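The values are calculated or read from the model by the stated rules, or taken from the named source; none is laboratory data. Because the structure is predicted, anything quoted here is derived from the model rather than measured. Virtual Cβ from ideal backbone geometry, glycine too; neighbours counted across all protein chains shown.
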Amino acid sequence: RRQTLTQALDFYLPSLLNYSPVEAGLHVMLYLPPELDEIRIIKTALSEGVGVYPGGPYHLHQPSRPSILLGFSGLSRSEIEEGVKRLARVINMALEE
């Protein structure tokens, strides 16, 4: 599932975002472009059926760059793929504004 998530991020958001390299664990930290508001992205993603979490509280240095935490442990591969596709649409729309 982790590989499905990172492959989907690379495919749907190839040059817009960076994410934490993950070898183990159940989450990936996704770093947003600095002009985006992570809370707005989270709320819009939720309205599209994608649950993500604010990354800010997990950063040592504050204020932190905008980021969101993506969990994948309870999702199927197809749910992960669809979630990333929807999240990419939300992020791309926010960048176009």
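Would you mind stating whether Glu82 is at pLDDT 90 or above, closer than 22 Å to Arg1 by Cα and acidic (Asp, Glu)?
Yes.
Can you give me the ranges of the helices (runs of 4 or more DSSP H) entirely in the chain with at least 3 residues that are surrounded by 14 or more Cβ atoms within 10 Å (Cβ to Cβ), of a type outside the set (A, V, I, L, M) and in contact with a strand residue (DSSP E or B) (Cβ under 9 Å, 6 or more places away or on another chain)?
It comes to none.
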